[in-house]
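Accompanying notes for the structure given below.
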Amino acid sequence: MKKRFFTGLVLVCMSILPTMAQWGRPVDYSAGPGLKDAYKDYFTIGVAVNKTNISDPAQTAIIKKQFNSVTAENAWKPGEIHPKEGVWNFGLADSIANFCRENGIKMRGHCLCWHSQFADWMFTDKKGKPVKKEVFYQRLREHIHTVVNRYKDVVYAWDVVNEAMADDGRPFEFVNGKMVPASPYRQSRHFKLCGDEFIAKAFEFAREADPTGVLIYNDYSCVDNGKRERIYNMVKKMKDAGVPIDGIGMQGHYNIYFPDEEQLEKAINRFKEIVNIIHITELDLRTNTESGGQLMFARGEAKPQAPYIGTLQEDQYARLFKVFRKHADVIKNVTFWNLSDKDSWLGVNNHPLPFDENFKAKRSLQIIREFDAAADKRVPKDDWVPNPMNQPGQEYPQVNSEGFARFRVVAPDAKSVIVSLGLGGRGGTVLRKDKNGVWTGTTEGPMDPGFHYYHLTIDGGVFNDPGTHNYFGSCRWESGIEIPAPDQDFYAWRKDIPHGNIQQVNFWSESTGKMQTANVYLPSGYGKLVKGKNGKLTQERYPVLYLQHGWGENETSWPVQGKAGIIMDNLIADGKIKPFIVVMAYGLTNDFKFGTIGKFTAEEFEKLLIDELMPVIDKQFLTKPDKWNRALAGLSMGGMETKLITLRRPEVFGYWGLLSGGQYAPDEIKDPKVVKYIFEGCGDKENPDGINKSVADLKAAGYNAEGLISEGTAHEFLTWRRCLYQMAQSLFK
Ligand code: XIL
């Protein structure tokens, strides 16, 4: 029995915390198809590799599963493969090509002509004197032909020229003492010797050597307005002149804040005007505000990534890939620059990639992979109204009839604002700042109906949303939002019926050495005179339901977000139940720390409830103080308490209810006569099979048991409101 009970505890606990994974159980974010398979209808997915990546079996396994395009990170660069005239380092370059040949993976050839990591010997003669451009072209041609011919069997696209355009931020320059508009070209040795003709030549040489390969001009910061236009102008000019440029490579060294979708789309759309092939050639997302392809960047302090930074990165990856998918008509490849954070040229502490420093997949990988193609096109219905839980006069947050929620937070100098509410286990909804410094954002899809706690994370600090009221949950006052539910009438205020009231009872608890609080619902008409058994008028007495909240909540949770009083009023007014009292006490559950769940016995609360609170209630209120007029029920942790206490003290309570709080097994109770009614319920997104089985077993063993599976809900208050509504109708009969 002990063992079964313990398993029960663990099960309850798992349902209390859907994110339990973060509490120790590791999640394999790489489970499921590889990225290449998830994106087979869109574009190929690539990775830049180094020597270890292609020799360590664990790493090759990742490459083979996830990617169908490979770029040599450094091994094919002119300075590496061809460091001196007549000297060729084919070793590593061949290993990478052979790895790809053996595994049927096609390659991007990176890169044939670049100012950095270049074969600078091409610019000088044996005596160190500068050579004429004709000599340079001859050497470049020989280089390109050699590399292309050696590898073209395995290569589908070449980065022919890399980074030939100047960066933003230098509109003018001094030439011969005169200020003139700055050159659009990078002032490389190539440019200084040949002007932009070297670009045309490189493409011509590549085309000669590989008549069918895709020839790409590759550069970084393509989303910067100035650089975008410089690249556009250059490629257009070249193409107009017949230079064989097939496509543009947008490197994609971005960060978690930049670019936004609009800026990225601007570049893609602009390039679409002149090419029909775009590759995202070097994607990584720094966790600081830097971007671009310069070799100057902060490698970051050696510290683990804060969770909110992880959320921002996941969100940014999700947004970028959504844009890439939208433009899959031109985007033919997306390549990550490096396999893991450990390999990243940005340093491990920038955490830029979907695999961490131990080659473990991050949630980013899952988020990139598990996109919802239908959601890509979905636009929420424009029938927004302020959330019913808003503070007076507050327009935001808002909800629409489909269950989307949208948020608005004014925080002009903040760097990031995240709303903890979101779909699919993501860290929430990341807001983006508009031009007025106002942060806005909409949930990715419809939320479950009913009440949700949430908060804001602004630059890593946790705050409440000033738009809404606060509700006690997660051991703190949280913001709350109410998504319209199809059956919301059963917990809606009605003007045409009598209303009960909720009183606060404060009492001294000897066992805890503190004043404690309970809220007590008294039905309308409480205190009225009725004829007693002896025919004399006497005040009516009522049965009592003790109704417990969950972990992180308190005695206000049922009356406020649980809407217990409204539900009771409506049931009574509709003649569905005879009036009874509901006592909602603080269950001390917040003093219980996670990690000690195996030791949780609810003994402290049992003492407080039965020895201290109950006498106060029976003294102060018109109760029927006996077992067959007393029920105990609770949600989540309150359900655990209910189960523990009812089994230990069956003489106290005649009706038992577990709301997302576990199940009873017949052999735990042993005697159907000790309990008149057992209720068990949960959301259909929790553990409905467990509830259904338990209720069936109880019934078969002769217990009066009833179950409820709440449609479309999880471990949240709409489940429990529905449970209360259902359970109340069978109590005290
Ligand atoms: C980087 C490599 O990742 C580093 O190992 C090397 O030290 C410098 O170059 N743009 C490019 C890539 O086109 O070739 C660069 O790769 C990153 C910026």
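General remarks:
- So Ala182, is it closer than 28 Å to Thr71 by Cβ and open to solvent by less than 50 Å² (accessible area, probe 1.4 Å): no
- Every residue from segment 527-544 that is surrounded by 10 or more Cβ atoms within 10 Å (Cβ to Cβ) and part of a strand (DSSP E or B): Leu529, Val530, Lys531, Thr538, Gln539, Tyr542, Val544
- Residues considered: Val154, Val87, Val70. Of these, the only one that is loosely packed, with under 15 Cβ neighbours inside 10 Å, among the β-branched types (Val, Ile, Thr) and modelled with pLDDT of 95 or more is Val87.
- Condition check for Leu320: in a helix (DSSP H, G or I), touching a strand residue (DSSP E or B) at 6+ places or on another chain (Cβ under 8 Å), of a type in the set (A, V, I, L, M) and buried (at least 19 other Cβ atoms within 10 Å of the Cβ): yes
- Summed over segment 451-468, the residues that are in contact with a strand residue (DSSP E or B) (Cβ under 6 Å, 6 or more places away or on another chain) and of a type outside the set (Phe, Trp, Tyr) give a count of 9.
- The set of residues in segment 669-706 that are over 17 Å from Ala728 (Cα atoms), of a type in the set (A, V, I, L, M, F, W, C) and part of a loop (DSSP other than H, G, I, E, B) contains only Ala701.
- Asp574 vs. criteria open to solvent by 50 Å² or more (accessible area, probe 1.4 Å) and closer than 23 Å to Ser511 by Cβ: no
- Test: residue in segment 260-274 that is surrounded by fewer than 23 Cβ atoms within 10 Å (Cβ to Cβ) and touching a Ser or Thr at 6+ places or on another chain (Cβ under 6 Å): no
- Restricting attention to segment 75-84, the residues being within 15 Å of the ligand (Cβ to nearest atom) and either surrounded by 18 or more Cβ atoms within 10 Å (Cβ to Cβ) or basic (Lys, Arg) (or both) number 5.
- Residue satisfying condition, being within 37 Å of the chain's Cα centre (by Cα), modelled with pLDDT of 95 or more, buried (at least 22 other Cβ atoms within 10 Å of the Cβ) and more than 16 Å from the ligand (Cβ to nearest atom), within set Ile144, Ile45, Ile96: Ile45
- Total residues in segment 410-427, condition open to solvent by 10 Å² or more (accessible area, probe 1.4 Å) and closer than 12 Å to Asp465 by Cβ: 4
- The numbered conditions (1) within 47 Å of the chain's Cα centre (by Cα); (2) open to solvent by less than 10 Å² (accessible area, probe 1.4 Å) are all true for Ser116 except (2).
- Residue check for Trp558: over 19 Å from Cys723 (Cβ atoms) and at pLDDT 95 or above: no
- No other residue among Phe371, Phe451 is within 24 Å of Tyr471 (Cβ to Cβ) and either of a type outside the set (Val, Ile, Thr) or within 21 Å of the chain's Cα centre (by Cα) (or both) apart from Phe451.
- Qualifying residue in segment 646-668 (condition: hydroxyl-bearing (Ser, Thr, Tyr), closer than 18 Å to Val544 by Cα and either without any contact (Cβ under 8 Å) to a residue 40 or more places away in the chain or not in a helix (DSSP H, G or I) (or both)): yes
- Residue satisfying condition, being within 16 Å of the ligand (Cβ to nearest atom) and either polar (S, T, N, Q) or within 18 Å of His452 (Cα to Cα) (or both), within set Ser416, Ser340, Ser364, Ser401: Ser340
- So Ile483, is it surrounded by 11 or more Cβ atoms within 10 Å (Cβ to Cβ) and either of a type in the set (Ser, Thr, Tyr) or more than 30 Å from Gly422 (Cα to Cα) (or both): no
- Elements of type strands (runs of 3 or more DSSP E) contained in segment 169-230, each with 1 or more residues being more than 39 Å from the chain's Cα centre (by Cα), away from the ligand (no atom under 16 Å from the Cβ) and modelled with pLDDT under 95: 172-175, 178-181
The values are calculated or read from the model by the stated rules, or taken from the named source; none is laboratory data. Note that the structure is predicted; figures quoted are calculated from it, not measured. Cβ sites come from the backbone with ideal geometry, for glycine too, and all protein chains shown count toward neighbours. Heads up: the accessible areas ignore ligands, DNA and RNA and are worked out on the full protein's heavy atoms, side chains in. Shrake-Rupley method; radii C 1.70, N 1.55, O 1.52, S 1.80 Å.
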